[in-house]
């Protein structure tokens, strides 16, 4: 039984590490989306409006995944 607990703790540590990596990736994605938005702040047009709408959806999805 003691050996089973060691294996389970090892698996839990691996899951924890992967979750931290996932959280960092989400933060990087959010930062990238905001950087793109800043670069396009002075532009206008239908494409820019579409990208802006997509940004809102992406940010919402990132925040949902973080929860």
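No lab work stands behind these numbers, since they all come straight from the coordinates. These figures come from a predicted structure and were not determined experimentally. Using ideal geometry, Cβ is built from the backbone for each residue, glycine included, and neighbour counts are taken over all protein chains shown.
Over all Cα atoms in the chain, the spread is summed up by Rg and Dmax: 18.9, 65 Å.
Computed from the Cβ-Cβ distance with R0 of 22 Å, the FRET efficiency linking residue 66 to residue 8 stands at 0.25.
A full extension of the chain between residue 16 and residue 56 corresponds to an added length of 11.5 nm, given 0.36 nm per residue minus the alpha carbon distance. Axis of helix 46-66 versus longest Cα principal axis of the chain: the two differ by about 20°, to the nearest ten degrees. Relative to the longest principal axis of the Cα atoms of the chain, helix 2-39 runs at roughly 10 degrees.
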